[in-house]
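All remarks here apply to the structure that follows.
The values are calculated or read from the model by the stated rules, or taken from the named source; none is laboratory data. No experiment lies behind these values; they were computed from the predicted model shown. Cβ sites come from the backbone with ideal geometry, for glycine too, and all protein chains shown count toward neighbours. These area figures cover heavy atoms from the full protein model, side chains too; ligands, DNA and RNA do not enter into them. Shrake-Rupley method; radii C 1.70, N 1.55, O 1.52, S 1.80 Å.
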Amino acid sequence: MSDYTIKAQFSAQCPREEVRRWLDTPTGIAGWWSDKVEGAAAAVGDEFNVSFPSTPVVFELVVEEQSRNKVEWHVPESPSW
């Protein structure tokens, strides 16, 4: 299986701190991406799991970078599909 990268850049009309809460807390991530997020997502090395009601696959993500302007997550093992 080959590696691939998904990059997204967003503009939001709200304070930077609010955007960060959407990206570095399980509650924030669950508010826009999935209804079930477990773990921690606030610091480099944190691990969290995201699952979706329509699929049995649980996605494990690791925080690779947290900076003022960038949040980077890595999926250590892609689903078999």
1.4 Å probe accessible area per residue over region 9-68, in Å²
67 Å²
Surface share of carbon and sulfur [accessible, 1.4 angstrom probe, percent] for the chain
51 percent
Summed side-chain charge close to VAL58 - residues other than VAL58 whose Cβ falls under 14 Å, Lys, Arg +1, Asp, Glu -1:
-4
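Can you give the charge dipole size of the chain about its Cα centre, rounded to the nearest 20 debye, using +1 on the beta carbon of Lys and Arg and -1 on the beta carbon of Asp and Glu?
The calculated dipole for the chain is roughly 360 debye.
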So for each of 9-21, 58-70 I average, over its residues, the number of other beta carbons within 10 Å; can you give me the resulting order with the highest mean first?
58-70, 9-21
